[in-house]
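As structure tokens, the structure follows; a few thoughts come after it.
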Amino acid sequence: MYRSVLVPIDISEADLTRQLIPQVKIHAKTAKVHFLSVIPSVPFYASLGLAYSGELPDKNGLQTKASQKLDEIVKQFDIPEGRVQKHVVYGPPKDQILKLADSVSADLVIIASHQPGISTYLLGSTAAAVVRHAHCPVLVVR
Ligand code: ADP
């Protein structure tokens, strides 16, 4: 039985989340479920010329919006509140996913293989990095 399951969520991909729900329910029956949303770092937006144009909320604003979105997504999983923990952090998604997996002593990571539209790849770059570098089993959902 797993004790600590990490579920990284790309909050911009609703279809992926729907795919993950049944698998998370099966594998997280008695575990603590850590949901993680990583906000790619602000320099990424800056490189698109958006950071100073008023189109982007500040860091706190972004984090608040991401947390609200994650709250909505997590509700769909219908897991008792006491067993859920939500995390929103900044940085490169793959690094942050691997880091949190270690810090919550995850014994399973459940991740979607890639965005539905990008079917030419077997594994997206985030999923591939997590499979390669995680210190625990990784369940890749397709
Ligand atoms: P693609 O390259 O097709 O976007 P990814 O490998 O990036 O595929 O995404 C696969 C999975 O990785 C997502 O379903 C999600 O579980 C996780 N993931 C990707 N980006 C993030 C993110 N910013 N925060 C949390 N998880 C993410």
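Quick notes
- Hey, Gly54 at pLDDT below 90 and loosely packed, with under 12 Cβ neighbours inside 10 Å or not: yes
- Near pairs, Cβ below 7 angstrom, 6+ apart or cross-chain, from region 87-110 (on the phi > 0 side of the Ramachandran plot) to any residue that is buried (at least 21 other Cβ atoms within 10 Å of the Cβ) and part of a strand (DSSP E or B): Gly91/Val38
- If the condition is being farther than 16 Å from Val38 by Cβ, surrounded by 13 or more Cβ atoms within 10 Å (Cβ to Cβ) and at pLDDT 95 or above, then region 106-136 contributes Asp107, Leu108, Val131, Cys136.
- For region 99-111, filtering for residues that are within 11 Å of the ligand (Cβ to nearest atom) and in a helix (DSSP H, G or I) leaves 1.
- When the test is whether a residue is near the ligand (Cβ under 8 Å from one of its atoms) and either under 16 Å from the mean Cα position of the chain (by Cα) or farther than 23 Å from Thr64 by Cβ (or both), Ala127 passes it.
- Figure legend. Inter-residue proximity from region 2-15: first residues closer than 18 Å to Val130 by Cβ and more than 13 Å from the ligand (Cβ to nearest atom), second residues among the hydroxyl-bearing types (Ser, Thr, Tyr) and outside any helix (DSSP H, G or I), beta-carbon distance below 7 Å, spacing 6+ or different chains. Indicated pairs: Ser4/Ser105.
The values are calculated or read from the model by the stated rules, or taken from the named source; none is laboratory data. Being a predicted model, the structure only gives us computed values, none of them experimental. Cβ: placed from backbone, ideal geometry, glycine included. Neighbour counts: every protein chain shown.
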